[in-house]
Amino acid sequence: MASAAGRYFGYVVGGALPAPSAARAMLTGWDQIADKPTGPSVVQMETVAVRWVKELLRLPKETQGAFTTGATIANASLLITARDVLLERLGHRRERGLIGAPDIRIVASAEIHATVLKSLRMIGLGSDKIEFVPVDDQGRMIPSAIPILDDRTMVLAQAGNVCSGAMDPVAEIADLFEPAGAWLHIDGAFGLWTRVSKQMGHNLDGLERADSWVVDAHKTLNAPYDSGIALCRHPDTMRESMAIGASYLPPSEPGPSDLAMEFSRSARGAETYAALLSLGQNGLVDMIDRFHALAKKVKFGVERIGFQVPHDVHFNQVFVTLPEDEALCSAIIHEVQNSGEAWFGAAAWQGRSGFRISVSNWATTEEDVDRLLAVLEKALVRARQKTS
(Lines give C-alpha, C1' and ligand atoms only; values in the text may rest on other atoms or scores of the structure.)
Protein backbone atom coordinates (compact mmCIF):
# COMPACT_ATOMS: atom_id res chain seq x y z
CA MET A 1 0.00 0.00 0.00
CA ALA A 2 1.49 3.34 -1.04
CA SER A 3 0.43 5.06 2.16
CA ALA A 4 3.26 7.60 1.81
CA ALA A 5 1.92 8.76 -1.57
CA GLY A 6 -0.01 11.92 -2.37
CA ARG A 7 -3.23 10.12 -3.30
CA TYR A 8 -3.53 8.07 -0.14
CA PHE A 9 -6.49 9.56 1.75
CA GLY A 10 -7.18 6.72 4.19
CA TYR A 11 -7.24 7.15 7.95
CA VAL A 12 -5.23 10.21 9.03
CA VAL A 13 -1.79 9.17 7.86
CA GLY A 14 1.03 11.58 7.15
CA GLY A 15 3.51 10.83 4.41
CA ALA A 16 6.82 11.17 6.33
CA LEU A 17 8.80 14.23 5.30
CA PRO A 18 12.31 13.66 3.89
CA ALA A 19 14.23 15.00 6.91
CA PRO A 20 12.58 12.84 9.59
CA SER A 21 12.69 9.84 7.24
CA ALA A 22 16.44 10.29 6.92
CA ALA A 23 16.69 10.72 10.69
CA ARG A 24 14.90 7.41 11.18
CA ALA A 25 17.34 5.63 8.88
CA MET A 26 20.29 7.06 10.82
CA LEU A 27 18.76 6.30 14.22
CA THR A 28 18.00 2.74 13.12
CA GLY A 29 21.59 2.28 11.97
CA TRP A 30 22.87 3.59 15.29
CA ASP A 31 20.16 1.70 17.24
CA GLN A 32 19.74 4.68 19.51
CA ILE A 33 17.73 4.39 22.73
CA ALA A 34 15.83 7.27 24.31
CA ASP A 35 17.78 7.06 27.55
CA LYS A 36 20.04 9.72 29.11
CA PRO A 37 23.04 7.51 30.00
CA THR A 38 23.22 5.80 26.59
CA GLY A 39 21.58 8.31 24.23
CA PRO A 40 22.15 11.80 25.64
CA SER A 41 22.16 13.54 22.26
CA VAL A 42 18.86 12.09 21.09
CA VAL A 43 17.26 12.76 24.47
CA GLN A 44 18.33 16.38 24.08
CA MET A 45 16.69 16.43 20.63
CA GLU A 46 13.48 15.10 22.20
CA THR A 47 13.64 17.75 24.92
CA VAL A 48 14.00 20.49 22.33
CA ALA A 49 11.21 18.99 20.20
CA VAL A 50 8.80 18.98 23.16
CA ARG A 51 9.70 22.61 23.88
CA TRP A 52 9.06 23.57 20.26
CA VAL A 53 5.70 21.77 20.23
CA LYS A 54 4.72 23.47 23.50
CA GLU A 55 5.64 26.89 22.10
CA LEU A 56 3.92 26.28 18.75
CA LEU A 57 0.70 25.20 20.47
CA ARG A 58 0.98 28.04 23.02
CA LEU A 59 0.69 25.76 26.03
CA PRO A 60 1.61 26.80 29.59
CA LYS A 61 5.33 27.20 30.31
CA GLU A 62 5.28 24.50 32.98
CA THR A 63 4.08 21.89 30.46
CA GLN A 64 6.34 18.92 29.84
CA GLY A 65 5.86 15.89 27.64
CA ALA A 66 7.08 12.54 26.42
CA PHE A 67 7.04 10.63 23.16
CA THR A 68 5.02 7.43 22.86
CA THR A 69 4.12 4.97 20.11
CA GLY A 70 0.96 6.91 19.31
CA ALA A 71 -2.17 8.53 20.66
CA THR A 72 -3.42 5.38 22.40
CA ILE A 73 -0.44 5.15 24.75
CA ALA A 74 -0.20 8.93 25.05
CA ASN A 75 -3.85 9.05 26.13
CA ALA A 76 -3.33 6.15 28.53
CA SER A 77 -0.30 7.81 30.15
CA LEU A 78 -2.18 11.06 30.74
CA LEU A 79 -5.43 9.43 31.83
CA ILE A 80 -3.49 7.38 34.38
CA THR A 81 -2.09 10.64 35.73
CA ALA A 82 -5.56 12.19 35.85
CA ARG A 83 -6.97 9.06 37.50
CA ASP A 84 -4.28 9.07 40.18
CA VAL A 85 -4.75 12.77 40.92
CA LEU A 86 -8.52 12.41 41.28
CA LEU A 87 -8.21 9.30 43.47
CA GLU A 88 -5.68 10.97 45.76
CA ARG A 89 -8.14 13.82 46.26
CA LEU A 90 -10.48 11.16 47.59
CA GLY A 91 -7.82 9.80 49.95
CA HIS A 92 -6.74 6.84 47.79
CA ARG A 93 -2.97 6.79 47.19
CA ARG A 94 -1.38 5.71 43.88
CA GLU A 95 0.46 2.84 45.57
CA ARG A 96 -2.84 1.13 46.44
CA GLY A 97 -3.84 0.61 42.82
CA LEU A 98 -7.50 0.28 41.93
CA ILE A 99 -8.45 -2.37 44.49
CA GLY A 100 -10.95 -0.74 46.83
CA ALA A 101 -10.67 2.59 45.04
CA PRO A 102 -13.58 5.05 45.24
CA ASP A 103 -15.52 5.94 42.11
CA ILE A 104 -14.43 8.80 39.92
CA ARG A 105 -16.47 10.33 37.12
CA ILE A 106 -15.70 10.45 33.40
CA VAL A 107 -17.50 12.96 31.19
CA ALA A 108 -16.74 12.65 27.48
CA SER A 109 -17.88 13.74 24.04
CA ALA A 110 -20.36 11.31 22.51
CA GLU A 111 -17.99 11.14 19.53
CA ILE A 112 -14.72 10.82 21.45
CA HIS A 113 -12.19 8.77 19.50
CA ALA A 114 -12.06 5.00 19.98
CA THR A 115 -8.44 5.12 21.17
CA VAL A 116 -9.55 7.14 24.21
CA LEU A 117 -12.13 4.49 25.08
CA LYS A 118 -9.49 1.79 24.64
CA SER A 119 -7.13 3.71 26.90
CA LEU A 120 -9.80 3.95 29.61
CA ARG A 121 -10.35 0.19 29.46
CA MET A 122 -6.61 -0.50 29.61
CA ILE A 123 -6.13 1.61 32.74
CA GLY A 124 -8.97 -0.08 34.59
CA LEU A 125 -11.66 2.59 34.33
CA GLY A 126 -13.79 0.92 31.66
CA SER A 127 -16.33 2.70 29.52
CA ASP A 128 -19.73 1.58 30.84
CA LYS A 129 -20.10 4.49 33.25
CA ILE A 130 -18.95 7.32 31.00
CA GLU A 131 -21.34 10.28 31.05
CA PHE A 132 -21.48 11.00 27.32
CA VAL A 133 -22.22 14.56 26.20
CA PRO A 134 -24.28 15.06 23.00
CA VAL A 135 -22.66 16.73 20.00
CA ASP A 136 -24.02 19.12 17.38
CA ASP A 137 -24.38 18.46 13.65
CA GLN A 138 -20.65 19.15 13.18
CA GLY A 139 -19.57 16.66 15.85
CA ARG A 140 -18.70 19.27 18.52
CA MET A 141 -19.51 18.72 22.17
CA ILE A 142 -22.46 20.86 23.31
CA PRO A 143 -21.32 22.75 26.46
CA SER A 144 -24.87 23.35 27.72
CA ALA A 145 -25.39 19.57 27.81
CA ILE A 146 -22.40 18.93 30.07
CA PRO A 147 -23.57 17.64 33.48
CA ILE A 148 -22.66 19.44 36.69
CA LEU A 149 -18.97 18.78 37.33
CA ASP A 150 -16.98 18.30 40.52
CA ASP A 151 -13.36 17.72 41.59
CA ARG A 152 -13.54 13.96 41.07
CA THR A 153 -14.34 14.28 37.37
CA MET A 154 -12.19 14.02 34.28
CA VAL A 155 -13.59 15.71 31.19
CA LEU A 156 -12.50 14.25 27.85
CA ALA A 157 -12.76 16.58 24.85
CA GLN A 158 -11.24 16.41 21.40
CA ALA A 159 -9.54 18.66 18.89
CA GLY A 160 -10.39 17.08 15.57
CA ASN A 161 -13.49 14.96 15.09
CA VAL A 162 -12.39 11.87 13.22
CA CYS A 163 -15.03 12.32 10.48
CA SER A 164 -15.73 16.05 10.33
CA GLY A 165 -12.50 17.46 11.73
CA ALA A 166 -14.49 19.75 14.07
CA MET A 167 -12.99 21.00 17.36
CA ASP A 168 -14.82 20.86 20.68
CA PRO A 169 -15.41 24.41 22.09
CA VAL A 170 -12.56 24.27 24.58
CA ALA A 171 -13.00 27.76 26.04
CA GLU A 172 -16.67 27.15 26.87
CA ILE A 173 -15.83 23.76 28.38
CA ALA A 174 -13.03 25.33 30.42
CA ASP A 175 -15.51 27.82 31.88
CA LEU A 176 -17.30 24.84 33.40
CA PHE A 177 -14.43 22.58 34.48
CA GLU A 178 -12.21 25.22 36.12
CA PRO A 179 -14.62 26.32 38.88
CA ALA A 180 -15.40 22.67 39.63
CA GLY A 181 -11.76 21.63 39.89
CA ALA A 182 -12.22 18.87 37.31
CA TRP A 183 -9.40 17.59 35.08
CA LEU A 184 -9.71 18.55 31.39
CA HIS A 185 -7.97 16.32 28.86
CA ILE A 186 -7.83 17.10 25.13
CA ASP A 187 -7.31 14.35 22.57
CA GLY A 188 -5.94 16.28 19.60
CA ALA A 189 -4.06 13.59 17.68
CA PHE A 190 -4.28 15.40 14.35
CA GLY A 191 -6.33 18.54 15.03
CA LEU A 192 -4.22 20.14 17.75
CA TRP A 193 -1.77 21.33 15.08
CA THR A 194 -4.40 23.77 13.73
CA ARG A 195 -3.57 25.94 16.74
CA VAL A 196 -0.66 27.39 14.70
CA SER A 197 -2.90 28.49 11.82
CA LYS A 198 -4.25 32.05 11.57
CA GLN A 199 -7.23 30.62 9.64
CA MET A 200 -8.18 27.88 12.09
CA GLY A 201 -6.38 28.60 15.36
CA HIS A 202 -9.32 30.49 16.87
CA ASN A 203 -11.25 27.20 17.01
CA LEU A 204 -8.91 26.17 19.82
CA ASP A 205 -9.12 29.32 21.93
CA GLY A 206 -8.72 28.33 25.56
CA LEU A 207 -6.62 25.27 24.77
CA GLU A 208 -3.99 26.37 27.29
CA ARG A 209 -6.53 26.05 30.12
CA ALA A 210 -6.65 22.23 29.92
CA ASP A 211 -4.57 19.93 32.14
CA SER A 212 -3.29 17.53 29.48
CA TRP A 213 -3.13 17.16 25.73
CA VAL A 214 -2.32 14.46 23.16
CA VAL A 215 -0.97 15.16 19.70
CA ASP A 216 0.61 12.87 17.11
CA ALA A 217 3.75 13.65 15.13
CA HIS A 218 3.07 10.92 12.58
CA LYS A 219 -0.19 12.42 11.39
CA THR A 220 -0.39 16.15 10.62
CA LEU A 221 3.32 16.82 11.23
CA ASN A 222 4.30 14.03 8.79
CA ALA A 223 6.97 12.39 10.92
CA PRO A 224 7.37 8.63 10.33
CA TYR A 225 5.12 6.17 12.12
CA ASP A 226 4.94 5.72 15.07
CA SER A 227 5.11 8.84 17.20
CA GLY A 228 2.62 10.24 19.71
CA ILE A 229 3.24 13.01 22.23
CA ALA A 230 1.77 13.15 25.75
CA LEU A 231 1.77 16.70 27.17
CA CYS A 232 0.87 17.65 30.74
CA ARG A 233 0.86 20.97 32.62
CA HIS A 234 1.44 19.05 35.88
CA PRO A 235 4.71 17.20 35.12
CA ASP A 236 5.42 16.42 38.77
CA THR A 237 2.17 14.51 39.15
CA MET A 238 2.73 12.81 35.78
CA ARG A 239 6.18 11.75 36.97
CA GLU A 240 4.71 10.34 40.18
CA SER A 241 2.45 8.10 38.07
CA MET A 242 4.99 7.15 35.38
CA ALA A 243 8.47 7.18 36.96
CA ILE A 244 10.58 4.04 37.13
CA GLY A 245 13.43 3.09 39.45
CA ALA A 246 15.83 0.13 39.47
CA SER A 247 19.10 -0.76 41.18
CA TYR A 248 21.04 -0.73 37.90
CA LEU A 249 19.83 2.73 36.87
CA PRO A 250 22.26 5.52 37.79
CA PRO A 251 20.84 8.47 39.70
CA SER A 252 20.15 11.31 37.31
CA GLU A 253 17.64 13.97 36.39
CA PRO A 254 14.29 12.59 35.21
CA GLY A 255 14.42 11.12 31.71
CA PRO A 256 11.86 10.18 29.03
CA SER A 257 10.85 6.94 30.75
CA ASP A 258 9.76 8.92 33.81
CA LEU A 259 6.97 10.66 31.90
CA ALA A 260 5.48 7.83 29.81
CA MET A 261 4.40 4.21 30.03
CA GLU A 262 7.26 2.81 27.97
CA PHE A 263 10.67 2.19 29.53
CA SER A 264 12.51 0.76 26.52
CA ARG A 265 11.82 2.58 23.28
CA SER A 266 13.56 4.04 20.26
CA ALA A 267 14.43 7.74 20.04
CA ARG A 268 11.40 8.61 17.91
CA GLY A 269 11.36 12.14 19.28
CA ALA A 270 14.52 12.91 17.33
CA GLU A 271 12.49 12.38 14.16
CA THR A 272 9.99 15.00 15.31
CA TYR A 273 12.94 17.28 16.01
CA ALA A 274 14.09 16.74 12.40
CA ALA A 275 10.58 17.38 11.03
CA LEU A 276 10.19 20.67 12.90
CA LEU A 277 13.74 21.76 12.14
CA SER A 278 13.27 21.13 8.42
CA LEU A 279 9.87 22.86 8.22
CA GLY A 280 10.37 25.81 10.49
CA GLN A 281 7.30 27.55 11.90
CA ASN A 282 6.33 29.10 8.56
CA GLY A 283 6.67 25.79 6.75
CA LEU A 284 4.51 24.05 9.34
CA VAL A 285 1.80 26.69 9.06
CA ASP A 286 1.89 26.56 5.26
CA MET A 287 1.52 22.76 5.29
CA ILE A 288 -1.43 22.81 7.68
CA ASP A 289 -3.19 25.58 5.75
CA ARG A 290 -2.58 23.63 2.52
CA PHE A 291 -4.29 20.55 4.00
CA HIS A 292 -7.28 22.75 4.81
CA ALA A 293 -7.38 24.28 1.33
CA LEU A 294 -7.16 20.89 -0.37
CA ALA A 295 -9.90 19.48 1.87
CA LYS A 296 -12.17 22.35 0.84
CA LYS A 297 -11.33 21.58 -2.78
CA VAL A 298 -12.36 17.95 -2.15
CA LYS A 299 -15.69 19.05 -0.63
CA PHE A 300 -16.48 21.39 -3.51
CA GLY A 301 -15.47 18.76 -6.08
CA VAL A 302 -17.43 15.82 -4.68
CA GLU A 303 -20.55 17.96 -4.27
CA ARG A 304 -20.25 19.07 -7.89
CA ILE A 305 -20.13 15.41 -8.95
CA GLY A 306 -23.27 14.53 -7.00
CA PHE A 307 -22.07 13.43 -3.56
CA GLN A 308 -22.98 15.12 -0.29
CA VAL A 309 -20.76 16.39 2.53
CA PRO A 310 -23.01 16.95 5.60
CA HIS A 311 -20.61 19.20 7.49
CA ASP A 312 -18.38 22.23 7.12
CA VAL A 313 -14.68 21.69 6.41
CA HIS A 314 -13.06 22.45 9.75
CA PHE A 315 -9.61 21.14 8.87
CA ASN A 316 -8.56 18.19 6.73
CA GLN A 317 -11.43 15.68 7.09
CA VAL A 318 -14.24 15.25 4.57
CA PHE A 319 -17.05 12.76 5.21
CA VAL A 320 -18.76 11.93 1.93
CA THR A 321 -22.08 10.20 1.30
CA LEU A 322 -24.79 9.92 -1.33
CA PRO A 323 -28.15 11.54 -0.65
CA GLU A 324 -30.14 9.08 -2.80
CA ASP A 325 -28.45 5.75 -2.02
CA GLU A 326 -25.78 5.41 0.66
CA ALA A 327 -25.36 1.72 -0.23
CA LEU A 328 -23.68 2.73 -3.49
CA CYS A 329 -20.75 4.09 -1.49
CA SER A 330 -19.41 0.58 -0.83
CA ALA A 331 -19.20 -0.19 -4.53
CA ILE A 332 -17.52 3.15 -5.18
CA ILE A 333 -14.94 2.56 -2.45
CA HIS A 334 -14.18 -0.88 -3.86
CA GLU A 335 -13.76 0.38 -7.40
CA VAL A 336 -11.50 3.31 -6.47
CA GLN A 337 -9.31 1.14 -4.25
CA ASN A 338 -8.93 -1.48 -6.98
CA SER A 339 -8.12 1.14 -9.59
CA GLY A 340 -4.85 1.98 -7.89
CA GLU A 341 -5.53 5.65 -8.59
CA ALA A 342 -6.33 6.59 -5.00
CA TRP A 343 -7.16 5.02 -1.64
CA PHE A 344 -9.68 5.92 1.06
CA GLY A 345 -11.86 3.90 3.39
CA ALA A 346 -15.45 3.45 4.48
CA ALA A 347 -16.88 5.45 7.36
CA ALA A 348 -20.12 5.94 9.27
CA TRP A 349 -21.02 9.19 10.98
CA GLN A 350 -24.16 10.44 12.75
CA GLY A 351 -26.32 7.64 11.37
CA ARG A 352 -25.09 7.87 7.79
CA SER A 353 -22.83 5.58 5.76
CA GLY A 354 -20.23 6.73 3.29
CA PHE A 355 -16.49 7.22 3.11
CA ARG A 356 -13.93 9.60 4.51
CA ILE A 357 -11.27 11.58 2.68
CA SER A 358 -8.40 12.63 4.92
CA VAL A 359 -5.91 15.15 3.50
CA SER A 360 -2.85 14.61 5.66
CA ASN A 361 0.14 14.07 3.38
CA TRP A 362 2.77 16.75 2.74
CA ALA A 363 3.13 15.38 -0.82
CA THR A 364 -0.55 15.78 -1.78
CA THR A 365 -1.07 18.37 -4.52
CA GLU A 366 -4.02 19.95 -6.32
CA GLU A 367 -3.35 17.57 -9.19
CA ASP A 368 -3.71 14.63 -6.80
CA VAL A 369 -7.09 15.97 -5.70
CA ASP A 370 -8.13 16.42 -9.35
CA ARG A 371 -7.23 12.80 -10.06
CA LEU A 372 -9.16 11.68 -6.98
CA LEU A 373 -12.24 13.58 -8.16
CA ALA A 374 -11.93 12.15 -11.67
CA VAL A 375 -11.81 8.55 -10.49
CA LEU A 376 -14.68 9.21 -8.06
CA GLU A 377 -16.84 10.58 -10.86
CA LYS A 378 -16.19 7.53 -13.03
CA ALA A 379 -16.93 5.17 -10.14
CA LEU A 380 -20.19 6.97 -9.36
CA VAL A 381 -21.36 6.75 -13.01
CA ARG A 382 -20.60 3.01 -13.11
CA ALA A 383 -22.29 2.35 -9.77
CA ARG A 384 -25.46 4.12 -10.91
CA GLN A 385 -25.46 2.28 -14.24
CA LYS A 386 -25.28 -1.09 -12.45
CA THR A 387 -28.30 -0.27 -10.31
CA SER A 388 -30.44 1.33 -13.01
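The values are calculated or read from the model by the stated rules, or taken from the named source; none is laboratory data. Worth saying up front: this structure is predicted, and the values here are computed from it rather than measured. Methodologically, a virtual Cβ is constructed for each residue, glycine included, from the backbone with ideal geometry; neighbour enumeration extends over all protein chains shown. Keep in mind that these areas ignore ligands, DNA and RNA; they rest on the heavy atoms of the full protein, side chains included. Shrake-Rupley method; radii C 1.70, N 1.55, O 1.52, S 1.80 Å.
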For the chain, give the magnitude of the charge dipole about the Cα centre (Cβ charges: +1 Lys/Arg, -1 Asp/Glu; no others), in debye to the nearest 20.
480 debye
Residue-normalised accessible area of the chain, given per residue in Å² at a 1.4 Å probe
42 Å²
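Would you rank Ser266, Ser358 by solvent-accessible area, highest first, keeping every protein chain in place and using a 1.4 Å probe?
Working: Ser266 60, Ser358 0 Å².
Final ranking, largest accessible area leading: Ser266, Ser358.
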Give, as a single signed number, the net charge of other residues whose beta carbon lies under 12 Å from the beta carbon of Ile288, with Lys and Arg counted +1 and Asp and Glu -1.
+2
Helix 71-89: angle to the longest alpha-carbon principal axis of the chain, degrees 0 to 90, nearest 10?
40 degrees
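Using only Cα atoms, what Kirkwood radius does the chain have, in angstroms? Provide the component values of the computation, followed by the final result.
Working: mean 1/r = 0.0461 Å⁻¹.
By the Kirkwood definition, the hydrodynamic radius is 21.7 Å.
Counting alpha carbon pairs within less than 8 Å and at least 6 residues apart, what relative contact order, in whole percent, applies to the chain? Let's see the in-between values first.
Details: 770 pairs, mean separation 96.7, N = 388.
The value is 25 percent.
Going by accessible area, probe 1.4 Å, with all protein chains left in place, what is the ranking of Trp349, Trp52, largest first?
Numbers: Trp349 15, Trp52 60 Å².
The ranking, largest first, comes out as Trp52, Trp349.
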Tell me, what HN-Hα J-couplings in whole Hz come from the Karplus equation 6.51 cos²θ - 1.76 cosθ + 1.60 at θ = phi - 60° for each residue of region 150-164, using x for Gly and Pro?
8, 7, 10, 10, 10, 9, 10, 10, 9, 10, x, 4, 5, 9, 9
Debye sum, Cα scatterers, region 307-372, no solvent: what log₁₀ I/I(0) at q = 0.13, 0.25 1/Å?
-0.36, -1.23
On a C-alpha basis, how far is the centre of region 1-24 from the centre of region 52-106 in Å? Whole number, if you could?
30 Å
Pairs beyond 24 Å (Cα-Cα), from Lys54/Lys296; Lys61/Lys198; Lys61/Lys118
Lys54/Lys296; Lys61/Lys118
Give the Debye-formula value of log10 I(q)/I(0) at each listed q (0.20, 0.23 Å⁻¹), with one equal scatterer per alpha carbon of region 94-171, two decimals each.
-0.90, -1.10
From Cα pairs below 8 angstrom and at least 6 apart in sequence, can you work out the relative contact order of region 187-324, rounded to a whole percent?
19 percent
Report, to the nearest 10°, how far helix 40-56 tilts away from the longest principal axis of the Cα atoms in the chain, using its own Cα long axis and a range of 0 to 90°.
60 degrees
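Gain in length, Leu90 to Lys296, computed as 0.36 nm per residue apart minus the alpha-carbon separation, to one decimal in nm?
Extra length available between Leu90 and Lys296 comes to 69.3 nm.
Compute, for region 1-124, the length of the dipole vector about the Cα centre, with Cβ point charges of +1 (Lys, Arg) and -1 (Asp, Glu) only. Units Debye, rounded to 20.
Working: 15 positive and 10 negative charges, 43 e Å.
I would put it at about 200 debye.
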From largest accessible area down, sort Ser227, Ser127, Ser353; use a 1.4 Å probe on the protein chains.
Ser353, Ser127, Ser227
Could you tell me the accessible area of Leu90 in Å² (1.4 Å probe, neighbours in place), rounded to the nearest ten?
80 Å²
Debye calc, one equal point scatterer per Cα of region 195-310, no solvent, log10 I(q)/I(0) at q = 0.12 1/Å comes to -0.64
Cβ-defined net charge surrounding Met1, 14 Å radius [Lys, Arg +1; Asp, Glu -1]
0
Could you state the number of Å between the C-alpha centres of region 282-338 and region 148-171?
24 Å
Could you derive backbone 3J(HN,Hα) for region 272-284 from the dihedral phi with the Karplus parameters 6.51, -1.76 and 1.60 (θ = phi - 60°), listing whole Hz in sequence and x where the residue is Gly or Pro?
5, 4, 5, 5, 5, 5, 6, 7, x, 4, 5, x, 5
Whole-Hz Karplus couplings 3J(HN,Hα) for region 124-131, θ = phi - 60° and coefficients 6.51, -1.76, 1.60, Gly and Pro as x, run x, 9, x, 9, 5, 9, 5, 8
